[in-house]
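What follows is a set of notes on a single structure, which appears directly below.
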Amino acid sequence: MSRYLDMVAEPAHVKNLTVPQLTQLADEIRHELITVLARNGGHVGPNLGVVELTIALHRVFTTPRDKFVWDVSHQAYVHKLLTGRKDRFSTIRTTGGLNGFALRSESPHDCYGAGHAGTALSAALGMAAARDKRGSDEHIVCIFGDAALTNGISFEALNNLAHTTKRFIAILNDNEWSIAKNVGAVAHYLNKLITNPRYNKLATDFQNFLRRFPKGEVAIKLARKAEEGFKGAITEVGLRQTGSLVEADGRGGYGSPVFFEEMGLRYLGPIDGHDLPLLISTLEFAKTCSHPIVIHVLTQKGKGYDAAIKSPEKFHGVGPYDVATGNTVPAKPGSPPMYQDVMGQTLVKLCQKDNTLVGITAAMPSGTGLKHLEKAMPDRYHDVGIAEEHAVIFAAGMATMGFHPVVAIYSTFLQRAYDCIHHDVCLQDLPVIFCMDRAGLSANDGPTHHGLFDIAYLRCVPNLIAMAPKDEDELADMMFTATHQRHPTFIRYPRGAAEGVPIKEQPALLEVGKAQVVRNFSGQGKRKVALFGLGPMNTIARKAADQLATEGFDCAVINPRFTKPLDVGTHEFFGKAADVVVTLEDHVIMGGYGAAVLELFNDVGVSVSVVRIGWPDQFIEHATTPDELRRKYGLTAENTVARVKEQFGEAAAAATRLVEVA
Ligand SMILES: Cc1ncc(C[n+]2csc(CCOP(=O)(O)OP(=O)(O)O)c2C)c(N)n1
């Protein structure tokens, strides 16, 4: 039987379907999501939760004229399926395929790209202001999650909203989950709001009212009746309040939408985000409003797939899985641990011996490995919500009181807290430890998630110490070393599996600013090459050295360990001794470690040829695996060998010269 999904070649086709047909379409979309993502991995839970909402949006509004701005945009897969991309949907998150986030270059229906949380309200408000200025009348619809509402930027936008525009549709997609369970006062407030029994009663009345009208007339009647009838239209998503309403800290009782109303937004809801007719009617009404409104929509993360409902955190973003069981492919026995787990477990050990240490995450307990600390020592663990700036300044505050906070944030998300690193931590020279996970590629997520800029953005800030371990044992050493510093320290390490080396029972205290000579010159052979492989690139440096050695080169391999302060003596020594120096980093070349080495050589008067291997000065696309991107951009042992031979005037493989390195 042919599917409605196959008939929807563009969003206009959604408008021709009846509600029963749209309901069937929703089932087909869920099936498509569950089966494709079982192969490709991706944001299963968030997308299953917004199927009806997205269908209703396309039924009522007309993109690309009207604008949908998705917060994070990890939940935009359904939107992709309905906007002419279903034939390519099976390629999502793979090399050359659809991106896993909204992307302006991918479709005119993606009016705003994202990958980081909290940007949608500001971006949508900017669009509304632009629309009002130019006098056009398209609708701007912003869809943001309950956890995105914990982000500071969201509040900055709300503060600015009512006096900027009169026409703005905000949809609060409330599923009570961030990646983990949403935490903090906002989550608490929303919970109180959706469990107010007064609203539940109004909902029943309101639905009865809606059912009285034939289709098509609903929107007009709604426009008149909405003022009284809409508030609190709640359906079977239901009352979810658990436990006592009055909390130990004295807060409690039922919530009211006063917060949104005081911000100048008309509040509608909460409504069942899986009730298509209700969603359509509500959005039809929203279209007629001449004041900003927020529609509070209750959805279930993972709706329609038991495995995802049972494990919302795992299925927020998941690798390939078995559809029948929901099981992901287990790691082979004996495979190396994940860097994030090494970090989490090491922190627990360190915390057990040092009472001043605490762990801080910005809504990423699993991704950063801090869940180990949460479990082992909950009183030493803080989840501050999706609030990187707050996390860093909060850590700075604790540091002024004698604590030694460990802030675990992905390299890419830490970009948001740059001023806080600069102004609050480094300027005051506070001993905050930063563990930067995903420093390097996040291949299937792509440019919003690659952590390729942190060396450059940190290297210019005074007072800080920055390190990159070559393996998991050295990560533990670096964390231990960081706990002995009275300055800000930063440790960058990559996503995924570590190297598989044994981790010492007692980590070592490293000398700050001292590199490690992994392999010295042998004294055999005339062509001397010094390879400085930073972090995980040390493995590539060693492979390249092995290959070069078979061809008669005399190679030294150095593990720089520190990008700030650089080990002047070791760099100078090998810079003078070698005919060619190679720097290798999993970071952009512009302003990175290799650039720092060039500056150092200039300052100490070393004039050796330097080959810099790293990422070029462009945003790197997504791909199925990191290796594909490394091959394409030349971050491989083969390319390193070719580049070295080129320096000696020997034939280089032309194909590997694709990438411009200094
Ligand atoms: C600045 C930033 N920090 C952290 C993340 C990681 N992250 C991606 S989605 C997400 C949770 C979003 O929750 P919510 O907004 O409620 O949407 P839902 O997934 O529940 O639909 C987080 C923390 C991010 N994308 N951006």
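The values are calculated or read from the model by the stated rules, or taken from the named source; none is laboratory data. All of these numbers come straight from a predicted model, not from anything done at the bench. Using ideal geometry, Cβ is built from the backbone for each residue, glycine included, and neighbour counts are taken over all protein chains shown. These area figures cover heavy atoms from the full protein model, side chains too; ligands, DNA and RNA do not enter into them. Shrake-Rupley method; radii C 1.70, N 1.55, O 1.52, S 1.80 Å.
Accessible surface calculations at 1.4 Å, restricted to protein heavy atoms, place the chain at 39 Å² per residue.
Restricting the calculation to Cα atoms, the chain yields a radius of gyration followed by a Dmax of 27.1, 92 Å. Seen from every direction in turn and averaged, the convex hull around the alpha carbons of region 511-593 projects onto 5.2 nm².
For His291 and Arg88, a Förster radius of 35 Å and the Cβ-Cβ distance give a FRET efficiency of 0.35, rounded to the nearest 0.05. Compared with the dominant principal axis of the Cα atoms in the chain, helix 152-161 is inclined by about 40°. Of the two radii for region 337-428, the radius of gyration is 0.95 times the Kirkwood radius, both from the alpha carbons; that is the Rg over Rh value. The value of relative contact order for the chain, using C-alpha pairs under 8 Å at least six residues apart, is 11 percent. Here the Karplus curve 6.51 cos²θ - 1.76 cosθ + 1.60, taken at θ = phi - 60°, turns the phi angles of region 521-535 into couplings of 4, 8, x, 8, x, 8, 8, 9, 10, 9, 9, 9, x, 7, x Hz, with x standing for Gly and Pro. A DSSP coil position with no more than 16 other Cβ atoms inside 10 Å describes none of the trypsin sites (Lys or Arg not before Pro) in region 298-397. In order along region 471-488, the phi-based Karplus estimate (6.51 cos²θ - 1.76 cosθ + 1.60, θ = phi - 60°) of 3J(HN,Hα) comes to 7, 5, 5, 6, 4, 4, 4, 5, 5, 4, 4, 4, 5, 9, 9, 10, 10, x Hz; Gly and Pro are listed as x.
For the chain, the share of DSSP beta bridges that are antiparallel, to the nearest 5, is 15%.
In the chain, the longest principal axis of the Cα atoms and the axis of helix 276-288 are about 90 degrees apart. Close amide H contacts of Thr119 (hydrogens built in the peptide plane, cut-off under 5 Å, sequence separation of 5 or more or a different chain): Val72. On full extension of the chain, what length is gained from Glu650 through Tyr418, given 0.36 nm per residue of separation minus the C-alpha to C-alpha distance? That works out to 79.1 nm of additional length.
Count the DSSP beta bridges whose two residues both fall in region 301-431, then state the antiparallel fraction as a percent rounded to the nearest 5.
Counting DSSP beta bridges with both partners in region 301-431, the antiparallel share is about 10 percent.
By the Kirkwood approach, averaging reciprocal distances over each pair of separate Cα atoms, region 20-89 gets a hydrodynamic radius of 12.4 Å. Taking only DSSP H segments of four or more residues, each worth -39500 (n - 2.57), what value at 222 nm results for the chain once the sum is divided by all its residues, to the nearest 500 deg cm²/dmol? That comes out to -11000 deg cm²/dmol. The tail of the calculated P(r) for region 321-372 beyond 16 Å holds 57 percent of all Cα-Cα pairs.
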